[in-house]
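Colleague: Pasting a structure below so you can have a look.
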Amino acid sequence: IEPGNRQRIQRALEVYQTTGIPISELWRNSNAESASERLNCNLVEFAVTVSREELHPRIESRLDDMLKAGFVEEVEALRERWGIDINAPSMRAVGYRQIGQFLNASETSGGPDDLRHSILVASRRLAKKQSTWLRGWRCLDGRAPLSADLESMLQKLTSLP
């Protein structure tokens, strides 16, 4: 854990206080065996995915819905009412940081279209990062596309020993 990462340090302390085991030991042991072995059960891990061609329009549509529903105003209210700084951990979520930067920017900065674009880029980067992270899971039973036949997926799951 990096010395300046307060959020991870706090989490590590919470884990130690709760379990009596340093988080580094838990990390070492978590790679030792599969979750099925640790839990002594039949466990199927799978990821439901969509293609980039499907995902990007969904991200864009969701962002437009959020902006129409008052996303910018929400961030403004958080800053005004609670004095939340752009560097606060709660402002790390995609969109919040970009809106905070937009609200702090001078009049010469880009307008709402530039803001939308910067949130869209950050959202797509996060989706790619999550997809890459999922590919690294060694226990995943394939990557089930969202359009897969749900009935056959359920059949596979219910037929486990």
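The values are calculated or read from the model by the stated rules, or taken from the named source; none is laboratory data. The structure displayed is predicted, hence computed values, not measured ones. Reconstructed Cβ throughout: ideal geometry from the backbone, glycine too, with neighbour counts over all protein chains shown.
Colleague: Looking at LEU26, LEU43, which one is in a helix (DSSP H, G or I), modelled with pLDDT under 90 and in contact with a helix residue (DSSP H, G or I) (Cβ under 9 Å, 6 or more places away or on another chain)? First the steps, then the outcome.
Modeller: On the way: LEU43 fails: in a helix (DSSP H, G or I).
When all the criteria are applied, what remains is LEU26.
Colleague: Mind listing whichever residues of the range 82-115 are part of a helix (DSSP H, G or I) and either of a type in the set (Gly, Ala, Ser) or assigned by TED's automatic domain parsing to the domain that holds ARG6 (or both)? Before you say what the answer is, go through the steps one by one.
Modeller: Initially, the range 82-115 is screened for residues part of a helix (DSSP H, G or I), giving 82, 89-92, 96-104, 112-115.
Of everything in the range 82-115, those that are part of a helix (DSSP H, G or I) and either of a type in the set (Gly, Ala, Ser) or assigned by TED's automatic domain parsing to the domain that holds ARG6 (or both) turn out to be SER90, GLY100.
Colleague: Turning to a different aspect of this structure: Could you tell me how many of the residues in the range 11-23 are part of a helix (DSSP H, G or I) and surrounded by fewer than 11 Cβ atoms within 10 Å (Cβ to Cβ)? Can you show your working first?
Modeller: First, the residues of the range 11-23 that are part of a helix (DSSP H, G or I): 11-19, 23.
Add one more test, that the residue is surrounded by fewer than 11 Cβ atoms within 10 Å (Cβ to Cβ), and what stays is 17-18.
Qualifying residue count, the range 11-23: 2.
Colleague: OK, next. Take ARG79 and decide whether it is assigned to a helix (DSSP H, G or I) and modelled with pLDDT of 95 or more.
Modeller: For ARG79, the condition - assigned to a helix (DSSP H, G or I) and modelled with pLDDT of 95 or more - is not met.
Colleague: If a residue has to be within 16 Å of the chain's Cα centre (by Cα) and either within 30 Å of LYS156 (Cα to Cα) or hydrophobic (A, V, I, L, M, F, W, C) (or both) to count, how many in the range 59-70 make the cut? First the steps, then the outcome.
Modeller: Filtering the range 59-70 down to residues within 16 Å of the chain's Cα centre (by Cα) leaves 59, 62-63.
From what's left, either within 30 Å of LYS156 (Cα to Cα) or hydrophobic (A, V, I, L, M, F, W, C) (or both): 59, 63.
So the answer is 2.
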